[in-house]
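Just below is one structure, and these are the notes that go with it.
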Amino acid sequence: MKNLILLFISAFTMSLINAQETGISDIDSVVINDQYSVVKKDKKTFITKALNFNYLTNIKANEASFIVAQLQRLVANFDIKTSSVYDNSEAATYNMVFKNNQGEIVATYNSEGKILSTVEKYKDVVIPVNLRIAISKQFPGWAFQSNTCLISYTENNGISKKYKIKINKGKHKKILKSLVFLLTKNTNSGKTT
């Protein structure tokens with residue numbers, strides 16, 4: 001009940017807020033959580049279930065930094081059938097590019113709108129806490145300078161997240177590379193290993 005009330009409050013609030021630029025001009029939606037989003041279409045506002053809820057669950061958008069999760073949710077809620085490139089006369093795949101200030105996602109959709117794979121790249125995002133702590137312990141006194149996060153997702157093989165992190169201490173600099181997650185999805189049992 002509490003979630004339902006929050007959904008309606010968010011829908012009302014959305015009509016009062018100006019949309020931020022997302023890099024895609026024909027989308028007018030705000031994601032409330034991984035399962036639902038508020039969509040404005042033809043001057044009507046309604047709540048809809050995320051088209052690619054499984055992608056969001058597997059990619060763990062709720063654990064990502066805000067800028068990453070925002071773009072991932074936009075990709076998950078994109079309806080390929082509303083795109084000008086969509087052709088329902090035959091089965092096809094569609095590569096779509098989504099961008100914001102700090103990142104880019106190239107997503108491949110099937111003709112039903114399901115995400116088959118993504119390749120994602122982000123610059124200077126919040127590094128996961130456990131990784132920051134590990135680096136700080138291994139390199140005491142060093143400062144984080146910049147980072148790049150690479151994420152690849154495929155429906156059948158799961159997720160790979162890699163970080164390239166630049167740290168410095170005075171005039172000394174280091175580049176660290178870390179494979180944070182490598183998940184493979186067993187499609188027969190539904191389990192992730």
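If Gly141 passes every condition in (1) at positive phi; (2) in contact (Cβ under 8 Å) with a residue 40 or more places away in the chain but one, which one does it miss?
(2)
Could you grab the pairs with beta carbons closer than 6 Å, sequence gap of 6+ or different chains, first residue in region 68-94 and among the aliphatic types (A, V, I, L, M), second one surrounded by fewer than 16 Cβ atoms within 10 Å (Cβ to Cβ) and modelled with pLDDT of 85 or more?
What qualifies is Ile80/Tyr86.
Identify the residue in region 49-107 that is under 18 Å from Asn147 (Cα atoms) and of a type outside the set (A, V, I, L, M, F, W, C) and, among all such residues, is surrounded by the most Cβ atoms within 10 Å (Cβ to Cβ).
Applying the filter and picking the extreme gives Gly103.
Can you tell me which residue within region 120-134, out of those that are farther than 14 Å from Leu179 by Cβ, not charged (D, E, K, R) and not in a loop (DSSP other than H, G, I, E, B), is modelled with the lowest pLDDT? Can you show your working first?
First, pick out the residues of region 120-134 that are farther than 14 Å from Leu179 by Cβ: 120-126, 129, 132-133.
Those left that are additionally not charged (D, E, K, R): 122, 125-126, 129, 133.
Of the ones still in play, those that are also not in a loop (DSSP other than H, G, I, E, B) are 122, 129, 133.
On the way: Tyr122: 96, Val129: 87, Ile133: 93.
The residue in question is Val129.
The values are calculated or read from the model by the stated rules, or taken from the named source; none is laboratory data. Only a predicted model underlies this, so the values are computations on that prediction, with no experimental measurement involved. Cβ coordinates were reconstructed from backbone atoms using ideal geometry, including for glycine residues, and neighbour counts include every protein chain displayed.
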